[in-house]
Structures are given as structure tokens and as C-alpha cells.
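The structure under discussion appears below in the form of C-alpha cells.
The values are calculated or read from the model by the stated rules, or taken from the named source; none is laboratory data. Because the structure is a prediction, the values reported are computed rather than measured. Here the Cβ positions follow ideal geometry from the backbone for every residue, glycine too, while neighbour counts run over all protein chains shown. Only protein heavy atoms, including side chains, enter the accessible area calculation; ligands, DNA and RNA are left aside. Shrake-Rupley method; radii C 1.70, N 1.55, O 1.52, S 1.80 Å.
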6 protein chains.
Amino acid sequence: MKAYLGRRYRLSASHRLHTPALSEAENQAVYGKCANPHGHGHNYTVEVMVGGEIDAATGMVCDLAELDGCVSREVLEPFDHQNLNTLGEFRNRVPTTENLLIEIEWRLRRALRPELSLRVRVEETAKNFFEYRG
Amino acid sequence: MKAYLGRRYRLSASHRLHTPALSEAENQAVYGKCANPHGHGHNYTVEVMVGGEIDAATGMVCDLAELDGCVSREVLEPFDHQNLNTLGEFRNRVPTTENLLIEIEWRLRRALRPELSLRVRVEETAKNFFEYRG
Amino acid sequence: MKAYLGRRYRLSASHRLHTPALSEAENQAVYGKCANPHGHGHNYTVEVMVGGEIDAATGMVCDLAELDGCVSREVLEPFDHQNLNTLGEFRNRVPTTENLLIEIEWRLRRALRPELSLRVRVEETAKNFFEYRG
Amino acid sequence: MKAYLGRRYRLSASHRLHTPALSEAENQAVYGKCANPHGHGHNYTVEVMVGGEIDAATGMVCDLAELDGCVSREVLEPFDHQNLNTLGEFRNRVPTTENLLIEIEWRLRRALRPELSLRVRVEETAKNFFEYRG
Amino acid sequence: MKAYLGRRYRLSASHRLHTPALSEAENQAVYGKCANPHGHGHNYTVEVMVGGEIDAATGMVCDLAELDGCVSREVLEPFDHQNLNTLGEFRNRVPTTENLLIEIEWRLRRALRPELSLRVRVEETAKNFFEYRG
Amino acid sequence: MKAYLGRRYRLSASHRLHTPALSEAENQAVYGKCANPHGHGHNYTVEVMVGGEIDAATGMVCDLAELDGCVSREVLEPFDHQNLNTLGEFRNRVPTTENLLIEIEWRLRRALRPELSLRVRVEETAKNFFEYRG
């Protein structure tokens, strides 16, 4: 019996979307006001969905304390209340939510037990969300 | 690296569910109060999810201004603040949310670049939603 | 010991905002696309808040079945799944949400026991809401 | 033309997570405060998603009254406003939301017409949700 | 310069609405399925709103860590993941949400600095909420 | 007949909570991780509620296009997609949400017609909101 458990976490961070690979005019055209020089920020919702067999004794897909510890260590500690542009992870990548999502997925995939399937979704605003399926 | 970007749009419209293919009693049985003679309306949420490669330079799946322009032209201009029953698209189809969804998907599929995958979801009320997967 | 009980109800209706008291150009200027000739619609949320003494025996401000019956009779039956412009209540008033709110408040005030205080709030869309305080 | 209709239902129930298969210390480690002796409770949201051909005459995937009747009989009547631990369905299974989900899916699958596909999602709190895909 | 800070907390608990002051038939009439013998439960949202002068140096109405500590001690520890009927606070009062609200307000009022104004709101379900204004 | 119209606007901004009026240790104690050196950010929801007589001809409390224009000019243009710490308005005040609220209220009060009453609410996260009542 396989089921999926989804759990929502929240983090607040700032970023500026701008890349030296493009001219100023191109940055403006691609990122609009997200390229404003001093940055801005968001409340991100990170939805982590893990799938696996329901344990016959406990009736659970995975240990919640273990999952929370993993997300705390791999996602909340490095990214919550940070300016994403100042972090090593985004030295060579623009901190778009697409790239944040890829980074989060990679960190969780590496940290979770391999028999659990994983799907990550990040909401950037009430209008925008992003999903990755490994 | 492939990811999915979801974006939510809102539109308000009215409709009446009633078809000449059925008798009055059958219309009543199938549609209930949705068959009331003068119609009623909803705030629809249209969730458009496009999937594609993350561009290595911009870190984005697609250009947001381009996507917004496409949804404006193909969905909001024709359907927002309209009575669906008076539109050509629903001359021969009952404007159920299933049929509205199919029409929206068809219009967006035709307008979006073919390398982007597409998935559309329409929420009719807080209790009802509809999805199409091409 | 006085407390307030709030309860949310939903109704779907259509309307067109247009008044013969104004010219076509003025209607357009005041109501914009809400003046489109065939109307449009909304999912309205009606929040009814009644205040009163907490009954020492039951621990409740009012009987929920009684309140639900009252709102059903006075609000949902006359307005749910209707075109507001076709109703007698709006023969001489534009069915703006302000006027719908006033009508709902008047009907509930008349029907509820006078020792209960009343406050009504109507949400028209995720962006717009209206309140009346008697 | 195939589409999916999702519909949300709500139920309130109580449960205690505790199993005789584990020692007290293990129960505490696995379930934390969910193992508190007198139980606690939740407002569960049950999202039922059925997929099928859109009927050419009615423009609908399935009859809503039929679906609502089925969910009422199979899910709301047995589980709403109950203590899950006292029910026969959970005599030999811990009433985790994973196990509640499996039971709901099994009941609906048995009751729905076989040509409809089915997917069930249960939200336990604003932070936790569970999905089953047959 | 006075402002109000609102902060939301969540707790899950179970209760049964039933009073020896009424006959079985009366209990049934007043509380309906909330009188079911084994109880049920809810995810409660407790919204605490404190008002006061904005401190000129910090720009804040009150210290958040202090407020969180106070709500933890006075509300979450005694009521979260509990069966309200088994607690001393409800030995002589039915654990309706009205009575839970009164108890929470009384505890917070006693614990908060007297120069802060206080307003408490408890949401029991997506349809029901309760407010107390001291 | 007086009613209140509420309208929600969204803006994304970044800030750092830190004041030279306090020592580093005090800044840390008061603001916690909100004092992190490079800042972070939020999606703010600004709820503007204006009260006034319902116009007998139009059935409206105020002109929506006028209100939207006013909020755009006074709130969204100066604060959306900005780093609040870099703005003149916060040169001598910490950009807490309390201070942002006071600034927004002052700007709107100055710009709105004096016969309209005004109430502003700012949501900083899903857990925190702030209100000012003039």
C-alpha cells in the first residue's frame, strides 16, 4: 500500500533577478521590476511530497520528525531569512524560483532515504508556483 | 533541467446550464438549480501550468510577459465579464466548466510554443475544480 | 459573557451594473466591464456575525440550526443561482454588492431575534469585500 | 474528450495514534503528542477527483448529485463527527490519515462506476496532506 | 502612534458537546451530531490581536518572542492535542468554542502586560468563527 | 446608508530589521533572524477599507478606478519590488510592518477624499498581520 505525504514549510527571503550574461536592456526586458537594483522579497511556501509504502505497524509513510529535521537542515537553515543573491548556491545561477526549486530538490533527494519518492513544489506568490518531478 | 511554472488568473462570468438535447425534466434532473432560467455566475480561477527546460542564462522556464499576454488574449479577453451562453464558442455546447476548460486548453495549446508542455485547471467554486491533461 | 459567532455561507449569482439614471458613457465610466450588456457573475461569500450572551446551560450564543434556517430562507433561497437584475429587490436599485449587502442585512435584521447584534460582510471576489454595521 | 472533476468535502473527527504493536516509549517516539491518552481531532478535507469522458449531451464528466450521494454514504456518514478509534474499520489499524485515506479510496472505488478513474487526497491540517493514486 | 498586531496560532483538539443540564432529547436538539457519544475534533485557529503604542526605537507594538511564549504557555500547552472534555477548565462548562474562547481570552488577559489591548478570535472550521472583545 | 468597501492589493518587498539605536546584542534579542545582515523579504497584502455613503444613483461607496489609481500611486509605485531600507521613508525609522502600515495609512489618508473613512491592514506573512484605525 503506497501513499504520498505532503508537508508545507514556509520561508521568507529576498532576491534580485539580474544576470551579467545579459545586457541591462535585456535584463530589464526579461525580469522587469524583479531586476530593480536593491532587490525585493517573498514568502515562499515549500511543499515537500514523499511517497512510499505505508508501514504496517505504524500506519505511516515516513517519520514526521525525521522529515522535519531533514527539511530544517537542508532548506530552512540555509535559505530562510536570507538574501539569496549572497549565497554560494547562487553565485553562478540567477536565484529565480526555478533555480531555488532545483537546489531544494537536489538537497532533499540527497538527504532522504532512497526508497522514498520525492516531489517538490515552491509557491513564490499567490499567483506563481513551480514544480519539479525528478 | 525541466520544471513546471504554474500561474493563476481570475475571471468572472455567468452561465446557464441547459440543453435542447434534453427535456425540461431531464435538464432539471441533470443540472438542478444551474438550469434556472436567467442564469447565475462564478469567479473562475484558471491555473495554467507550463513545463519546459530551464533556460541556462535566465533561469526561467518561460517569459512571464509572453505567457501573460497569451492568456490575456486567448482567455481573459474573450471570457472575462461575459455571459458564456451568448458566445460563439458555446453556441453548440453547454457552457459547463468541463467545456470551458476544453476550450481554454485548446486555445492555449494553439498559442503557446510547442516545446512547452501544458496543463490547465479551472476552479469554479471553492468546492469544484476541473483539470485537463492533453 | 458576550461573544460573537460568525458563520460563512456561499452563493453564486449573476448581475449587470448599469443604470438608466446615467448616460451610456457615464455607465461605462463608472462600471467599466461590469456594464457589459449580457452580465457576468460571482461566487459571493456571505459572512453573518451575530453577537449575544453565551447561554450558561448550552455554552452557545445562538442555535446554529435556527441561524442556518434563517439565512437559508432570507438569503440563499432568494439570491442563490439567480440573476440579480431580474429580481424585484433590484427593480429600482443597481445590484452592486453594496446594495446586495444592504438588502441582506435588512432581511436578516428583520428575521433575527432583536437581542442579537448583527454584522454582515459580503465578499464578491478574492479582491473585494463589503461590510455593513447597523 | 477526457477531463477530471475534483470536489471537496469536509469532515471533523477525532483520533488517537497509538498501537499495541509498539512499546510505550516507541509509541511516544513515533507519534509524539498524537499519542496523548485522550485523543485530539482535526477538520479533514477530502478531495475526490474523478476522471472520465465528457458526455457530449450534458457537457459533464459525471452526475454531481450521484457523486455527492456516493461520498455522503461512503465517507461522511461513517466518519464525520466520529472518534475514528471506536470504529470497526480501525479495530486493527491505527487511524493515521494514511490509513483513513486508504479506507476512503477503497470505499469510493467500490461504489463508483468502474469507467471513472479515481484519485483521493485528504488534508489533515493546513500543513499536512495525503494522496493515493490507485 | 497606536497599532494592532495580529498573530495566528493553530491547535488540534477533540470535544463532545453534551450537558447533564439537559435531557438526551434536548442535547440532541441543541448540539446535533456534535453530541455523538465518542466526540470528534477540529483544527482550531487562534488569532490573538494586541494593540499598543509603536515603540519609537524598535518600531514594534510588542516583543514577538514574549507574545509567542505567552500564547505557548497559556494556550497551546494546555489545549493542543487534548480532549477538551477531560480538562479541569471544562469540568463545569460545555467545551463549545464560545467557552474555549472565553477561557483563552481570560488566560491571555491575565498574562499580558496591562497596557496592551487584547482581542481574540477562534476559528473552529472553515465555516465557523468566534470573537470576544473584552 | 453607509457601507465599507475593502480591497486587497499585493506587493513584494525586502527589508532588514536593525537599528543603530540598539547594540548588536539588543538588535539580535529584539529582531532575531529578521536582523540577518543581508535582509530577507515578504509578499505583503495591503487591505484598504473605505467607508462612506452609498451613492443613490450608482449604488457604490466610491469609484473603484479612482481608489485603484490612488493606491497605485501612493503605495504600489513607491514600495512594490523595493528594498524598504533603501527608501527615504525609512531613513530614520526601522522598516517594521508597523512602520510600513503607518506610512501607508498616512499617504492614503492624505490622498483620499476626506468624507471617506479609512482603515488599513497589512499582512506580512500567513501568521502576522497589522491594523491601524486612525
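Before moving on, here are some points about what is shown:
- q = 0.04, 0.07, 0.10 Å⁻¹: log10 I(q)/I(0) that the Debye formula gives for the protein assembly as shown, counting C-alpha atoms only: -0.17, -0.56, -1.29
- Cleavage-rule hits, GluC sites (Glu not before Pro), the stretch F:90-120, DSSP coil, Cβ neighbours within 10 Å at most 10: F:Glu115
- Projecting the Cα positions of A:Phe130, A:Ser14, A:Met60 onto the charge dipole of the stretch A:2-132 (unit charges on Cβ atoms of Lys, Arg, Asp and Glu, taken about the Cα centre) puts A:Ser14 furthest along the positive direction.
- Distance histogram for the stretch E:1-53 (every C-alpha pair counted, 10 angstrom bins, percent rounded to whole numbers): 22, 29, 21, 17, 10, 1
- About the Cα centre, charge dipole magnitude for the stretch F:9-127 (Lys/Arg +1, Asp/Glu -1 at Cβ), debye: 380 debye
- Surface listing: B:His42, E:His18, C:His38 arranged by accessible area from highest to lowest gives C:His38, E:His18, B:His42, probe 1.4 Å.
- Peptide-level mean, for D:67-76, of C-beta atoms on other protein chains within 10 Å: 0
- Take each residue of peptide C:52-64, count the partner chain Cβ atoms within 10 Å of its Cβ, and average: the result is 5.
- The listed residues F:Ser72, E:Ser12 rank as F:Ser72, E:Ser12 when sorted by accessible area, largest first, using a 1.4 Å probe.
- 222 nm mean residue ellipticity, helices alone, for chain E (DSSP H n ≥ 4; -39,500 (n - 2.57); rounded to 500): -7000 deg cm²/dmol
- In a simple Cβ point-charge model (Lys, Arg +1; Asp, Glu -1; nothing else charged), the protein assembly as shown has a dipole of about 0 debye relative to its Cα centre.
- For F:Met60, the residues whose modelled amide H falls within less than 5 Å of its own, excluding neighbours fewer than 5 places apart on the same chain, are F:Asp55.
- Cut-off 18 Å (backbone N to label point 7 Å along Cα→Cβ of B:Ala126), residues of the stretch C:37-63: C:42-50
- Taking the three principal axes of the alpha carbon atoms in the stretch D:47-134, the coordinate ranges are 45, 25, 21 Å, sorted in descending order.
- Mean per-residue shielding of peptide B:89-99 is 4, counting Cβ atoms of other chains within 10 Å of each Cβ.
- Cross-link partners for E:Lys33 among the lysines, with Cα-Cα distance under 24 Å and sequence neighbours closer than 8 places in the same chain left out: B:Lys127, E:Lys127.
- Cα→Cβ-extended label distance, 7 Å offset, between E:Arg110 and D:Ala65, nm: 5.5 nm
- For the stretch E:1-91, the list of trypsin sites (Lys or Arg not before Pro) that fall in a loop by DSSP and count at most 10 other C-beta atoms within 10 angstrom reads E:Arg91.
- Our note on the geometry: Cα centres of the stretch D:28-57 and the stretch C:1-53, 34 Å apart.
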